[in-house]
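Bear in mind these aren't lab numbers, they're just calculated from the coordinates by the rules spelled out. As the structure is a prediction and not an experimental result, all values here were calculated from the model. When we count neighbours, we look across all protein chains shown, and the Cβ atoms used for this are built from the backbone with ideal geometry, even at glycine.
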């Protein structure tokens with residue numbers, strides 16, 4: 001997919017923040033629109049990431065995707081706060097390229113991960129997009145140690161040429177604002 | 001006054017001479033021995049000036065932030081009159097930590113155990129059922145222990161538990177000029193800066209490994225080869241780490257005394273904005289700033305969103321990166337350290353500039369710092385487990401014609417030399433053997449051991 005670097009503008013930041021607030025303030029139950037499709041994307045994503053198939057994972061993401069791991073537990077405005085990760089597609093491609101250089105010591109040997117996605121809820125939002133909220137439990141093994149990570153995920157899925165793709169992915173780690181160890185893999 | 005031999009672990013005074021040698025060798029036990037670590041918490045983090053916070057982190061009256069200083073839980077609080085105090089977060093009654101929040105606003109703190117209440121200057125304010133205490137109860141010695149020394153230098157707040165510590169400007173010495181340069185970079189407009197919390201990382205290794213590493217350019221092309229190769233493959237030449245290709249360049253490693261060291265890469269960094277890796281939103285935000293301010297004025301701001309070329313380590317726990325980001329080393333155990341990053345935002349700058357400063361502050365941590373942490377953990381493991389090889393070698397630059405002493409006493413070496421790190425270890429030895437006992441004001445003095 002091409003690299004258009006100009007989509008992260010003021011409007012996109014604003015939409016991201018608004019979407020975050022909307023997702024976090026929902027109190028009514030989901031009626032599960034497109035639940036099967038959403039679960040299929042999330043499970044496929046989990047499998048590709050667990051298997052380290054990053055290039056194929058990138059194909060699941062739109063050309064104007066964002067990957068956001070906040071470093072704050074409560075607030076939610078990346079214009080004003082530093083993040084564990086805040087990547088547009090270009091920085092995600094950098095991240096994958098970094099993993100593939102063969103010289104990334106923090107991933108030599110690589111992290112092995114096993115993630116479980118649960119509590120999947122879906123909502124239709126403006127423009128035919130799908131908002132998906134889920135829980136993530138991830139075990140990471142590396143160098144004789146297994147480390148657990150847990151948190152909530154928010155995905156925005158959109159249809160591109162008839163297939164659901166990830167336009168936005170947020171991972172809110174339970175310990176997002178605490179000192180974090182080696183997260184060199186993709187959550 | 002308790003002498004150091006009483007508070008020191010089994011190692012006698014003078015013992016450290018043999019562990020830090022003039023030929024650049026440093027003994028592995030400085031990184032692995034928990035008795036030495038405890039002694040460091042007394043002698044270095046209790047004896048030197050230590051960076052506490054930036055005053056913009058507690059801008060309003062009664063704002064506070066909790067931190068640790070050599071493992072001690074500490075509350076840094078802004079009082080009614082605007083002054084800042086640092087208080088030991090430990091109830092004088094039965095020892096509970098009084099405040100458990102990371103930040104907040106409070107005129108008083110109440111201990112959650114028996115309800116003793118303290119003003120935010122540390123003084124005891126109220127004791128439930130006061131009549132149960134006899135006439136010897138001295139309120140003035142039942143406070144939250146206050147740091148005897150606290151000074152703010154251009155927004156940066158330093159404290160010391162050593163009442164006899166040298167004046168802050170004397171401690172800064174010739175490092176002050178570079179510290180000023182860093183602060184001047186962002187001291188634009190009358191409204192000053194705000195400070196946002198950045199990433200916090202923890203690694204399983206001694207705190208000095210990060211401190212050494214920030215005065216070490218020798219490692220960059222090797223440890224960060226993944227970053228360099230990725231940048232080259234993805235974005236061509238001229239990006240981060242491309243400026244350090246050989247040993248023969250005008251950049252400098254410098255030692256200022258009092259443990260402070262510098263990597264000065266400014267001679268090789270012409271334009272931070274051009275050299276910055278492509279940050280998310282760079283083009284649209286850059287254009288917006290140019291459109292609003294015009295090319296020249298915009299450029300001055302945009303150059304503040306890239307690598308300035310300064311790594312200044314103020315010993316023992318502050319690292320200035322010269323583009324608004326600074327790091328604080330927080331020792332947790334002999335083999336465990338937090339590194340907390342913060343970024344100064346310029347209150348009078350266009351908002352896009354501050355967002356780009358934040359995106360830039362994430363960038364190095366995302367792509368390169370992980371490799372440093374990995375190396376620290378490998379070092380820690382090997383130092384702990386290989387007693388047959390007791391020495392680390394910091395001799396690069398020694399006995400060559402590359403080092404020279406300036407008029408201000410600072411020692412300058414080639415950028416890849418271990419000049420600054422050697423200086424820090426010489427100062428480490430001085431601090432560890434300095435004769436004093438850390439103490440706090442407003443509490444009952446220690447009659448015996450300090451820790």
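Build a GNM of chain A with springs between Cα atoms under 10 Å apart, and of A:122, A:101, A:147 the one that fluctuates most is A:101.
Please give, to one decimal in nm, the separation of the simple spin-label points placed at residue B:136 and residue A:55, each 7 Å out from Cα toward the Cβ. For residue B:136 paired with residue A:55, the spin-label model returns 7.9 nm.
Residue by residue along B:223-235, Cβ atoms of other protein chains within 10 Å of the local Cβ number 5 on average. Rounded to the nearest 10 degrees, the inclination of helix B:225-235 to the longest alpha-carbon principal axis of chain B is 50 degrees. Two numbers describe the Cα atoms of the stretch B:388-451: Rg and Dmax, which are 18.5, 54 Å. I need the fraction of alpha carbon pairs in the stretch A:19-147 separated by more than 27 Å, rounded to a whole percent. That tail contains 26 percent of the Cα-Cα pairs.
Can you give me the angle between helix B:351-364 and the longest principal axis of chain B, using Cα atoms only, in degrees from 0 to 90, rounded to the nearest 10? Long axis of B:351-364 versus the principal axis of chain B: about 90 degrees.
Ranked highest first by average number of other Cβ atoms within 10 Å, how do B:158-170, B:300-312 line up?
Going by the mean number of other Cβ atoms within 10 Å, highest first, we get B:300-312, B:158-170.
In this simple spin-label approximation, residue B:333 and residue A:14 carry label points 7 Å from Cα along the Cα→Cβ vector, and these lie 5.0 nm apart. Computed extension gain for residue B:426 through residue B:395, at 0.36 nm per residue and net of the alpha carbon distance, reaches 9.9 nm. Taking a ≥ b ≥ c as the square roots of the eigenvalues of the Cα gyration tensor, chain B is classed as oblate, since a/c reaches at least 1.5 and a/b does not exceed b/c. Spin-label model, residue A:116 to residue B:222: label points 7 Å out along the Cα-to-beta-carbon direction sit 4.4 nm apart. Averaged over peptide A:91-98, the number of partner chain Cβ atoms lying within 10 Å of each residue's Cβ comes to 6. Can you give me the Cα centroid spacing of the stretch A:112-187 and the stretch B:308-363 in angstrom? Cα centres, the stretch A:112-187 to the stretch B:308-363: 28 Å. The equivalent ellipsoid that matches the C-alpha gyration tensor of the stretch B:173-432 spans semi-axes of 31, 20, 19 angstrom, in descending order. Peptide packing for A:21-30, A:87-96, A:73-82 was compared via the average number of neighbouring C-beta atoms within 10 Å per residue; ordered from the highest value, the list is A:87-96, A:73-82, A:21-30.
Based on C-alpha pairs under 8 angstrom that are at least 6 apart in sequence, chain A has a relative contact order of 24 percent. Remark: relative contact order (chain B) = 24 percent; criterion is Cα-Cα distance under 8 angstrom and separation of 6 or more residues. Here the calculated FRET efficiency for residue A:32 and residue B:283, from their Cβ-Cβ distance with R0 = 45 Å, stands at 0.70, rounded to the nearest 0.05. Average projection, convex hull of the Cα set of the stretch B:50-153: 6.8 square nanometres. Reducing the stretch B:380-405 and the stretch A:1-52 to their Cα centroids gives an inter-centroid distance of 50 Å.
A straight chain from residue B:117 to residue B:97 at 0.36 nm per residue would run longer than the Cα-Cα distance by 6.0 nm. Annotation: peptides B:109-119, B:377-387, ranked by per-residue average of other Cβ atoms within 10 Å with the highest first, follow the order B:109-119, B:377-387. The angle between the Cα long axis of helix B:175-186 and the longest principal axis of the Cα atoms of chain B comes to about 70 degrees, rounded to the nearest 10.
Compactness of the protein assembly as shown, taken as the C-alpha radius of gyration over 2.2 N^0.38 Å, stands at 1.01.
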